[in-house]
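S.K.: Please read through the structure below; I'll follow up with questions.
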Amino acid sequence: MKTMLFFDVDGTLYDNKNGKIWKSTVEAIKALAKNDKYILGLATGRSYSQLNAIAEILPFFSYKVLINGAAAYHNDDYLFGTKMNKEDTEHIFKYAQSRGYGVAYIGAKEFAISDLTDASKASLRDYDLRVPVIDPFYNKYQDIYQVWVFCPREEYLTFKEEFLHLTVYPWTTDGLDLTSKDVNKGVSILKIKELEHVDKLICFGDGANDLEMLTVADISICMGNSQYEFLKKAATHVTARIDEDGLSKAVYHLGLLK
């Protein structure tokens with residue numbers, strides 16, 4: 001009997017507030033990876049080049065559902081993805097600029113930001129990301145899978161109303177993700193589940209962009225540090241906070257490790 005486990009990164013594996021992966025999390029992931037009954041995967045809004053924050057445990061994940069499901073990999077091999085059309089990326093850039101905000105263009109592996117501002121520097125620091133290429137026209141000659149907007153979280157409803165034909169997620173900190181409409185972690189995870197013919201799917205998350213993957217899972221775990229009550233209500237279990245060994249406690253509570 002095969003079980004596939006997918007883990008969100010920020011707020012689930014990686015503690016952004018403290019800038020670390022907790023020892024109990026590292027030990028749990030390493031132990032799970034040693035058991036051939038389990039297939040481990042990542043499901044994150046980050047892109048391929050933005051996984052340095054979890055470099056210590058990255059080799060233990062066979063599958064990577066990245067960019068909120070817009071790109072998926074088996075080990076280092078690209079499986080499938082959904083690019084945004086250039087008209088949408090241009091619209092987002094112009095609309096964000098009109099409201100005084102910068103953007104980031106997320107490619108399959110690399111990314112760029114439109115300008116280096118206090119807001120973009122704060123976001124890069126919060127997610128332990130290097131300063132990328134600064135190019136407001138990156139979307140004109142590169143395939144883009146997602147656009148970030150460096151804006152206050154309160155702008156979420158404004159952008160969602162402006163871009164009804166896209167998927168919009170608020171960040172736990174200030175900022176927004178925008179992807180093509182039918183892109184989410186849950187859709188991509190189900191495709192991989194079908195490829196692997198697994199018997200059970202277990203997903204761990206804490207953010208607004210984790211709702212779909214928690215919904216499609218046979219067992220879902222919401223981290224106690226989640227800011228979203230709707231996510232806690234949707235989950236099978238709510239565990240302790242990330243800084244209270246929440247992930248490790250959930251793994252042992254479910255009997256995945258003994």
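The values are calculated or read from the model by the stated rules, or taken from the named source; none is laboratory data. Predicted model only: the values in this text are computed from it and were never measured. Don't worry about glycine lacking a Cβ; one is built from the backbone with ideal geometry, like all the others, and counts go over all protein chains shown.
S.K.: Which residue is farthest from K34 (Cα to Cα), if the candidates are limited to region 234-250 and must be in a helix (DSSP H, G or I) and under 20 Å from the mean Cα position of the chain (by Cα)?
M.R.: Looking only at region 234-250, we keep the residues that are in a helix (DSSP H, G or I), and these are 234, 242-244, 246-250.
Right, trim to under 20 Å from the mean Cα position of the chain (by Cα) and you get 234, 242-243, 246-248, 250.
Working: A234: 30, I242: 23, D243: 24, G246: 21, L247: 17, S248: 15, A250: 18 Å.
That would be A234.
S.K.: Restricting to region 219-258, count the residues that are more than 17 Å from D15 (Cβ to Cβ) and out of contact with any strand residue (DSSP E or B) (no Cβ under 6 Å at 6 or more places or on another chain). Let's see the steps before the verdict.
M.R.: Taking region 219-258 and keeping what is more than 17 Å from D15 (Cβ to Cβ), we get 219-220, 228-238, 252-258.
Still in the running and out of contact with any strand residue (DSSP E or B) (no Cβ under 6 Å at 6 or more places or on another chain): 228-230, 233-234, 252-258.
Final tally of qualifying residues: 12.
S.K.: Just checking, which of R99, R46 is out of contact with any Pro (no Cβ under 7 Å at 6 or more places or on another chain) and outside the structural domain of G205 (by TED's automatic domain parsing)? Show your work before the answer.
M.R.: Working: R46 fails: outside the structural domain of G205 (by TED's automatic domain parsing).
Result of the check over R99, R46: R99.
S.K.: Hey, could you check region 146-187 for residues that are closer than 16 Å to E212 by Cα and charged (D, E, K, R) and say which is surrounded by the most Cβ atoms within 10 Å (Cβ to Cβ)?
M.R.: If we filter region 146-187 for residues that are closer than 16 Å to E212 by Cα, which is where we start, we get 166-171, 177-187.
Now drop any that are not charged (D, E, K, R), which leaves 177, 181-182, 185.
Values: D177: 24, K181: 13, D182: 9, K185: 30.
Here the residue is K185.
S.K.: Let me ask you something else. Take region 13-46 and flag every residue that is assigned to a loop (DSSP other than H, G, I, E, B), under 14 Å from L247 (Cα atoms) and touching a Ser or Thr at 6+ places or on another chain (Cβ under 9 Å).
M.R.: Within region 13-46, the subset assigned to a loop (DSSP other than H, G, I, E, B) is 13, 16-19, 21-22, 35-37, 44-46.
Right, trim to under 14 Å from L247 (Cα atoms) and you get 13, 21-22.
Matches in region 13-46: L13, W22.
S.K.: Only one of (1) free of Cβ contacts under 8 Å to residues at least 60 places away in the same chain; (2) farther than 18 Å from F204 by Cβ; (3) within 16 Å of the chain's Cα centre (by Cα) fails for D36. Which number is that?
M.R.: Unmet for D36, out of (1) free of Cβ contacts under 8 Å to residues at least 60 places away in the same chain; (2) farther than 18 Å from F204 by Cβ; (3) within 16 Å of the chain's Cα centre (by Cα): (3).
S.K.: Confirm whether D218 is charged (D, E, K, R) and farther than 16 Å from G69 by Cα.
M.R.: Values: charged (D, E, K, R): yes; farther than 16 Å from G69 by Cα: yes.
For D218, the condition - charged (D, E, K, R) and farther than 16 Å from G69 by Cα - is met.
S.K.: Oh, and also: Could you please find all residues in region 218-233 being within 21 Å of I39 (Cα to Cα), aliphatic (A, V, I, L, M) and free of Cβ contacts under 8 Å to residues at least 40 places away in the same chain?
M.R.: Keep residues of region 218-233 that are within 21 Å of I39 (Cα to Cα), which gives 218-223.
From what's left, aliphatic (A, V, I, L, M): 219, 221, 223.
Scanning region 218-233 gives I219, I221.
S.K.: On to the next question. Kindly indicate the residue of region 75-121 that is of a type in the set (K, R) and in a helix (DSSP H, G or I) and also modelled with the lowest pLDDT among those meeting that condition.
M.R.: So in region 75-121, the residues of a type in the set (K, R) come out as 83, 86, 94, 99, 109, 121.
Now drop any that are not in a helix (DSSP H, G or I), which leaves 86, 94, 121.
Working: K86: 96, K94: 97, K121: 92.
My answer is K121.
S.K.: Something else: Give region 63-74 a look and list any residue that's at positive phi and either touching a helix residue (DSSP H, G or I) at 6+ places or on another chain (Cβ under 8 Å) or part of a strand (DSSP E or B) (or both), or say none. Lay out the reasoning, then the answer.
M.R.: Residues of region 63-74 at positive phi: 67-69.
Those that are at positive phi and either touching a helix residue (DSSP H, G or I) at 6+ places or on another chain (Cβ under 8 Å) or part of a strand (DSSP E or B) (or both): N68, G69.
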